[in-house]
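The block underneath contains the structure these notes are about, expressed in structure tokens.
The values are calculated or read from the model by the stated rules, or taken from the named source; none is laboratory data. In this text, all values refer to a predicted model and were calculated from it rather than measured experimentally. Here the Cβ positions follow ideal geometry from the backbone for every residue, glycine too, while neighbour counts run over all protein chains shown.
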């Protein structure tokens with residue numbers, strides 16, 4: 001079975017501060033992990049994904065995430081928040097076969113000027 | 001047009017109406033998906049088509065009827081909906097629904113309100 005837990009449905013950070021959005025997964029097989037961002041009135045856009053290889057994955061807009069198998073985590077970080085980062089962020093996992101995504105409930109990021 | 005487009009962007013319908021949502025992808029993909037996004041809930045996968053064949057139906061009520069005439073177009077036909085069906089309906093596409101590592105590309109969604 002697959003599930004994704006995103007701790008914190010709302011996160012607020014000051015502009016210029018570190019962004020940390022948490023994602024933990026449960027999986028009976030090695031997972032493939034994704035982070036998507038959704039801006040208001042828009043669809044989801046891929047930020048980054050982990051499939052194999054290097055466990056630190058760099059994505060668009062300065063975001064990165066590290067796959068930690070021992071912690072079953074795939075937390076998303078950005079060193080310095082911008083106002084434009086305010087959005088909803090979704091973590092997702094696929095199982096070993098097939099492209100069915102299992103999404104978390106999302107984390108709404110607010111950036112305070 | 002590029003990416004994944006959806007029409008209409010907003011739809012208000014009564015419980016007795018029949019309407020259709022349209023999705024078109026311009027990415028040359030072979031798989032298309034319908035998702036339902038409701039507040040405070042994870043995205044719910046509704047249907048999956050791969051090479052025009054339906055491969056997933058996640059126990060979706062029959063008042064939702066998908067149609068995939070070709071790999072570029074996907075429809076969701078709606079009839080006798082309930083107020084709890086009000087949500088954002090997202091369409092997505094990927095290269096092949098059998099590939100676990102494929103990125104899914106999403107459209108902007110149709111905001112549906114059922115009165």
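Could you grab me the full set of residues in segment B:69-85 that are closer than 26 Å to residue A:97 by Cα and in a loop (DSSP other than H, G, I, E, B)?
Passing the criteria: B:71, B:72.
So, in segment A:1-25, of the ones that are surrounded by fewer than 18 Cβ atoms within 10 Å (Cβ to Cβ) and over 15 Å from the mean Cα position of the chain (by Cα), which residue ends up nearest to the other protein chains (Cβ to nearest Cβ)?
Top of the filtered list is A:2.
Among the numbered criteria (1) farther than 23 Å from residue B:33 by Cβ; (2) buried (at least 19 other Cβ atoms within 10 Å of the Cβ); (3) within 14 Å of chain B (Cβ to nearest Cβ), which one does residue A:53 miss?
It fails just one condition, (2).
For residues in segment B:86-115 being closer than 19 Å to residue A:48 by Cα and not in a loop (DSSP other than H, G, I, E, B), which is nearest to the other protein chains (Cβ to nearest Cβ)?
Once the filter is applied, the top-ranked residue is B:106.
From the list A:74, A:67, A:34, which residue is part of a strand (DSSP E or B), more than 14 Å from chain B (Cβ to nearest Cβ) and at negative phi?
A:74
Taking segment B:2-56 on its own, how many of its residues are away from chain A (no Cβ under 11 Å) and on the phi > 0 side of the Ramachandran plot?
Going through segment B:2-56 one residue at a time, the tally reaches 3.
When you go through (1) more than 23 Å from residue A:97 (Cβ to Cβ); (2) part of a strand (DSSP E or B) one by one for residue B:66, which number turns out not to apply?
It is condition (1) that residue B:66 fails.
Listed here are the residues, each with its yes/no results for (1) over 10 Å from the mean Cα position of the chain (by Cα); (2) modelled with pLDDT of 95 or more; (3) more than 26 Å from residue B:84 (Cα to Cα).
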site	(1), (2), (3)
B:1	yes, no, yes
B:14	yes, no, no
B:22	no, yes, no
B:27	yes, yes, yes
B:44	yes, no, no
B:58	yes, no, no
B:66	no, yes, no
B:72	yes, yes, yes
